[in-house]
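Scroll down for the structure; my scribbles are underneath it.
The values are calculated or read from the model by the stated rules, or taken from the named source; none is laboratory data. None of the values given here were measured: they were computed from a predicted structure. Here Cβ is always computed from backbone atoms with ideal geometry, including for glycine, and neighbour counts include all displayed protein chains. Keep in mind that these areas ignore ligands, DNA and RNA; they rest on the heavy atoms of the full protein, side chains included. Shrake-Rupley method; radii C 1.70, N 1.55, O 1.52, S 1.80 Å.
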Amino acid sequence: MPNVVGIIDGTSHEILISSTESHQDFVVAIENATVSYSGYSYAEPEIQQFVKDFSKLILDEALIPQTDPNTKVLNFRQPLDLQKFLDLEIYEEPVPREKLLELGRKVIDGSIVPGHPRFLNQLYTGVDPYSLFGAWLTEVLNCNVHTYEVSPAMVTLENYIFKKISSLIGYPNGEGIFCPGSSFSNLIAIHLARFRHNPTLKEKGLFSCEPMVILKSEDAHYSVEKGANFLGFGTENVVKVKSDDRGRVIPEDLENKIQQCKQKKCAPIMFMASCGTTVLGSFDDLEAIADICQRNNVWMHVDAAWGGGVMLSDKLKYLTKGIERSDSVAWNIHKMSGAGIQCSAFVVKEKGFLEKCNAYRAEYLFQPDKIYDTSFDIGDRTIQCGRKNDVLKLWLMWKGRGDKAMGARIEKAFDLAAYLTEKLKSTEGFRLVLPEFQCTNISFWYIPPRLRGKQETAEWWEEVGKVAPAIKGRMMLKGSIMISYQPLSSKGLVNFFRVIIANPVCERSDMDFIVDEIINLGQDL
């Protein structure tokens, strides 16, 4: 029996137990030594003080500064330098609580600030204060959302929220689950489409089934390929449908591709439409797609992960016209709408279909003879078992803002996007990728002075393609702004900037800063 280190009256002591002594002797020795553990109970004054100090650190050094445009968006360090800065090594002995606070400061300093008005890099921004309250409360309560008995409040909230989201979509009897990101939501859509096509696959599997294919736009999210790989379809059974020059799927090509699949004796089981594509922010014609999918008995899934927020606005929800005719929808409310990451809603039109597809009724969780209505044990709606509560941060944010303010936030982002578009049109050296944009993704090239007025050959475009990466590198080293860039090979486009506008603290002055800073950092390239 090894020696044991215990805490006695706040001091570390070694309790000597010989290898010949029994387990009972070990227990007696522990009891006689009155071993206790400190640092776990929130009733301890030291832990209460640590929580207060930690909360102050978050407010003073992470939250308040992030909305100040005079602060940096990031303090960039190369990976090896960051490893040294963060003091990663974990040792046998604990570090003092003061050291933990210092490490917290280092993590803040080594992180990007997505709430900064000049973080325009990805499809998310800073967390709404009321959503943050929900996220903190979520971590404190540490609920596991699978049965009502262990998570009664969260199950109740989740059922309510999905009724509200379903009503926005136009599903009279819809229901849903929260997923760890829209890639997972899109995977679940494929999973459901396959089950509807052939329910026997749940027991018999794929081995005796005819080939099945999934269709998507060439501009749709790459998670479809990931899902096809994960679920056993193979990426060669993902059929890409052509999109027009603005990134919207061409309905006629969708019809043609479906018929080609049938001629090859392959079953087209699902098409994924897009509301706000990742790069160009394009919205597909959902009405035309619904006609085709219903005619051919193809599951229509809508990836509204980015653009779904427009459903909150009476002025903008026309962009999702026809979404009510779909079979399922993915909507990341942590993107345009500002809930904390992650808050990814997956909604299906047919109530009960999630459980029909996924339920296995584990007897240690889903006993039928409980003292309450066991339809509130919602864990079998998903392929997960344990699942984090993602509803509280959404419900508190929505409750704290109300429908009107939720919609106004989206409208402000669209107004700023329109302002930036006109600013770029009227400023020398900038060229838009599209003549107009459907969403708040604003894509453009910056042409430095040395390339202006030249013949636009392949070599010229190759040089233009080097500009955005060079400016992005200077931005990061300076810490002044974060904007992404990418090529779009499907359209033959070289690297261009893509500004994502979603942060409600952004103003027109921030749009002006984007243009001025790119000129400042790129005019000598």
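Considering every residue within segment 415-429, establish whether at least one is over 30 Å from residue 487 (Cα atoms), of a type in the set (Lys, Arg) and out of contact with any Gly (no Cβ under 8 Å at 6 or more places or on another chain). Explain how you work it out, then say what you get.
First, pick out the residues of segment 415-429 that are over 30 Å from residue 487 (Cα atoms): none.
No, the conditions are met nowhere in segment 415-429.
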Within the bounds of segment 397-412, is there any residue that is touching a residue at least 12 places away in the same chain (Cβ under 8 Å), of a type outside the set (D, E, K, R) and within 30 Å of residue 468 (Cβ to Cβ)?
yes
For segment 369-407, enumerate the residues that are open to solvent by 70 Å² or more (accessible area, probe 1.4 Å) and among the acidic types (Asp, Glu).
369, 373, 403
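Just the residues that are among the hydrophobic types (A, V, I, L, M, F, W, C) and open to solvent by less than 10 Å² (accessible area, probe 1.4 Å), please, taken from segment 485-525.
The answer is 496, 497, 499, 500, 501, 502, 506, 511, 514, 515, 518.
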What are the pairs with Cβ atoms under 7 angstrom where one residue, in segment 114-126, is under 9 Å from residue 482 (Cβ atoms) and the other, located anywhere, is of a type in the set (Phe, Trp, Tyr) and open to solvent by 10 Å² or more (accessible area, probe 1.4 Å)? Sequence gap at least six, or different chains.
114/124; 118/513
Given the structure, is residue 5 in contact with a strand residue (DSSP E or B) (Cβ under 6 Å, 6 or more places away or on another chain) and either part of a loop (DSSP other than H, G, I, E, B) or at pLDDT below 55 (or both)?
yes
Counting only residues that are basic (Lys, Arg) and closer than 29 Å to residue 413 by Cα, how many does segment 243-277 have?
2
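Considering only segment 435-446, state which residues are at pLDDT 95 or above and either open to solvent by 10 Å² or more (accessible area, probe 1.4 Å) or part of a loop (DSSP other than H, G, I, E, B) (or both).
437, 438, 439, 440, 445
Name the helices (runs of 4 or more DSSP H) wholly inside segment 175-276 in which the number of residues that are surrounded by fewer than 16 Cβ atoms within 10 Å (Cβ to Cβ) is 1 or more.
Working: elements: 182-197, 201-204, 223-230, 251-263.
In segment 175-276, 201-204, 223-230, 251-263 are the helices (runs of 4 or more DSSP H) which contain 1 or more residues that are surrounded by fewer than 16 Cβ atoms within 10 Å (Cβ to Cβ).
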Those residues that are buried (at least 23 other Cβ atoms within 10 Å of the Cβ) and of a type in the set (Gly, Ala, Ser), I need them from segment 302-331; list them, please.
304, 305, 307, 308, 309, 326, 328, 330
Scan segment 116-143 for residues that are surrounded by fewer than 23 Cβ atoms within 10 Å (Cβ to Cβ), of a type in the set (S, T, N, Q) and not in a helix (DSSP H, G or I) and jot them down.
121, 122, 142
Does segment 144-173 hold any residues that are in contact with a strand residue (DSSP E or B) (Cβ under 9 Å, 6 or more places away or on another chain), surrounded by fewer than 22 Cβ atoms within 10 Å (Cβ to Cβ) and assigned to a loop (DSSP other than H, G, I, E, B), and which are they?
150
Verdict on residue 292 being among the β-branched types (Val, Ile, Thr), surrounded by fewer than 24 Cβ atoms within 10 Å (Cβ to Cβ) and touching a Leu at 6+ places or on another chain (Cβ under 6 Å)
yes
Going by the structure shown, is residue 361 more than 30 Å from residue 113 (Cα to Cα) and either open to solvent by 10 Å² or more (accessible area, probe 1.4 Å) or touching a helix residue (DSSP H, G or I) at 6+ places or on another chain (Cβ under 6 Å) (or both)?
yes
Scan segment 282-293 and report the pairs whose first residue is outside any helix (DSSP H, G or I) and whose second residue is hydrophobic (A, V, I, L, M, F, W, C), with Cβ atoms within less than 8 Å and a gap of 6+ or a chain change.
282/439; 283/275; 283/319; 283/439; 284/249; 284/273; 284/275; 285/249
